[in-house]
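The values are calculated or read from the model by the stated rules, or taken from the named source; none is laboratory data. Here the structure is a predicted model, which is why all the values come from computation and not from measurement. Backbone-built Cβ (ideal geometry, glycine too); neighbour counts: all protein chains shown. When the accessible area is computed, the model is the full protein with side chains, heavy atoms only, and any ligands, DNA or RNA have been set aside. Shrake-Rupley method; radii C 1.70, N 1.55, O 1.52, S 1.80 Å.
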Amino acid sequence: MSADTPYAIVGSGNIGSALARLFARAGVEVSIANTRGPGSISELAASVGSTVRAVTLTEALASDVIFMAIPFGAVEEFGNAPPDWNGKIVVDTTNAHYAPNAGDILKGRLSSPCVPHNSRCLEHRIVL
């Protein structure tokens, strides 16, 4: 399971952008992707440093360690995105506690484990 860059950030909002800056400051190569494509985040990637590269979502999901920096409502779709989650480590930065109907969704659970059980996203290691 190797990609050009072992680390990827999926999401380019406040959390994804902050993570990109932290990776750049540390001099660690990371790719960043969103659903709109690399053209929509190339300026962000260039502005934070040469170690951050805008890529397609498919390229980002090929990485070994993926930082999931997406809205909670997109978690289920994210879980069904790659063909194979085996061996992946996903760092979950989502927070469902402020989502509409969060109590009904979470039912006392943490955000990641509440992804529906038919989601293939559950086959990877999740870091909360």
(Q) Take the conditions in a helix (DSSP H, G or I), free of Cβ contacts under 8 Å to residues at least 40 places away in the same chain and not aliphatic (A, V, I, L, M) and apply them to THR35. Does it pass? (A) no
Q) Does the range 86-96 include one or more residues that are at negative phi, exposed (fewer than 14 other Cβ atoms within 10 Å of the Cβ) and modelled with pLDDT under 90? A) yes
(Q) Yes or no: the range 38-45 includes at least one residue that is without any contact (Cβ under 8 Å) to a residue 24 or more places away in the chain, surrounded by fewer than 17 Cβ atoms within 10 Å (Cβ to Cβ) and among the hydroxyl-bearing types (Ser, Thr, Tyr). (A) yes
**Q.** Total residues in the range 9-32, condition open to solvent by 20 Å² or more (accessible area, probe 1.4 Å), touching a strand residue (DSSP E or B) at 6+ places or on another chain (Cβ under 8 Å), free of Cβ contacts under 8 Å to residues at least 60 places away in the same chain and within 19 Å of ASN95 (Cβ to Cβ)
**A.** 1
(Q) Looking only at the range 59-92, count every residue that is closer than 10 Å to VAL10 by Cβ, under 9 Å from the mean Cα position of the chain (by Cα) and either acidic (Asp, Glu) or assigned to a loop (DSSP other than H, G, I, E, B) (or both) and tell me the total. (A) 3
